[in-house]
1. Looking at the structure I just gave you, is V84 over 16 Å from F32 (Cα atoms) and either of a type outside the set (G, A, S) or at pLDDT 95 or above (or both)?
2. Being free of Cβ contacts under 8 Å to residues at least 60 places away in the same chain and outside any helix (DSSP H, G or I) is the filter here, so list the residues in segment 75-117 that pass it.
3. Condition test on F44, is it touching a Phe, Trp or Tyr at 6+ places or on another chain (Cβ under 9 Å), among the aromatic types (F, W, Y), free of Cβ contacts under 8 Å to residues at least 40 places away in the same chain and under 27 Å from M1 (Cα atoms)?
4. Looking at D90, D68 in this structure, which one is loosely packed, with under 13 Cβ neighbours inside 10 Å, at pLDDT 95 or above and of a type in the set (D, E, K, R)?
5. Checking the condition at pLDDT 95 or above and surrounded by 10 or more Cβ atoms within 10 Å (Cβ to Cβ), which residue from G27, G79, G50 passes?
6. Of the conditions (1) surrounded by 17 or more Cβ atoms within 10 Å (Cβ to Cβ); (2) among the small types (G, A, S); (3) without any contact (Cβ under 8 Å) to a residue 60 or more places away in the chain, S7 satisfies every one except a single condition; which number is it?
Amino acid sequence: MRQYLLSVHMVEGQEPPSEATMQQMYGDVDAFNKQLVADGRFVFAGGLLGPETATVVRSENGKVLTTDGPFAESKEQIGGFWVVLAEDLDAALAVAAKGSAACQGPVEVRPFQEVPAE
């Protein structure tokens with residue numbers, strides 16, 4: 001099976017969900033995570049703090065430069081992610097659909113590069 005990154009996107013400036021909706025989302029995501037584990041698909045997952053907490057690190061010509069804020073200047077940022085195992089893209093998309101329903105937001109699906117055999 002191949003690993004896929006399922007990234008959850010958030011939109012800055014969007015009206016935050018109500019407390020009741022947030023609690024529903026937390027419960028739904030927890031149930032989704034438990035199902036991923038039970039299905040043998042779970043690799044790793046995490047929620048991220050807001051993009052204002054980001055620091056970008058660049059190393060060029062032996063010098064390191066750090067800047068505050070996210071790398072991409074965008075209203076849409078990654079708010080969390082799952083790394084899952086799936087047989088193929090169609091299976092990963094089906095998993096992402098369940099994740100999107102659980103977190104009530106868009107989920108981008110990207111396969112990891114395959115590591116060449118030595």
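1. Against the criterion (over 16 Å from F32 (Cα atoms) and either of a type outside the set (G, A, S) or at pLDDT 95 or above (or both)), V84 does not qualify.
2. Q113, V115, P116, A117
3. Yes; evaluated as a whole, the condition is true for this residue.
4. Criteria check complete, one pass: D90.
5. G27
6. (3)
For every residue, the table says whether it meets (1) out of contact with any Asp or Glu (no Cβ under 9 Å at 6 or more places or on another chain); (2) more than 20 Å from F112 (Cα to Cα).
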residue: Y4; (1), (2): yes, no
residue: P16; (1), (2): yes, yes
residue: M22; (1), (2): yes, yes
residue: M25; (1), (2): yes, yes
residue: F32; (1), (2): yes, yes
residue: A45; (1), (2): yes, no
residue: G69; (1), (2): no, yes
residue: K75; (1), (2): no, yes
residue: A94; (1), (2): yes, no
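Yes or no, residue by residue, for (1) more than 16 Å from the chain's Cα centre (by Cα); (2) within 30 Å of P16 (Cα to Cα):
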residue: R58; (1), (2): yes, no
residue: G79; (1), (2): no, yes
residue: A86; (1), (2): no, no
residue: V95; (1), (2): no, yes
residue: G105; (1), (2): no, yes
residue: F112; (1), (2): no, no
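The values are calculated or read from the model by the stated rules, or taken from the named source; none is laboratory data. Owing to the predicted nature of the structure, the values given are computational and were not obtained by experimental measurement. Reconstructed Cβ throughout: ideal geometry from the backbone, glycine too, with neighbour counts over all protein chains shown.
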